[in-house]
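Since the structure comes first, as structure tokens, the remarks are kept for the end.
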């Protein structure tokens, strides 16, 4: 269906890895912020 050759893989794979990496960091940061906010909220009360 899609014409995937060596050049396409060389271009696609690094960009996909980059997007997944950025998404992973965003998810990790979101979880970290949620934990920090929950801890801060518990200390405040």
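For residue 43, the stated conditions hold: it is without any contact (Cβ under 8 Å) to a residue 60 or more places away in the chain and surrounded by fewer than 10 Cβ atoms within 10 Å (Cβ to Cβ).
Scanning the stretch 1-10 for residues that are surrounded by fewer than 10 Cβ atoms within 10 Å (Cβ to Cβ) and assigned to a helix (DSSP H, G or I) gives 6, 7, 10. Filtering the stretch 14-34 for residues that are free of Cβ contacts under 8 Å to residues at least 40 places away in the same chain and outside any helix (DSSP H, G or I) leaves an empty set.
Each value in this text was obtained by applying a stated rule to the coordinates, not by laboratory testing. Predicted model only: the values in this text are computed from it and were never measured. Ideal geometry is used to build each Cβ from the backbone, glycine not excepted, and the neighbour counts take in all protein chains shown.
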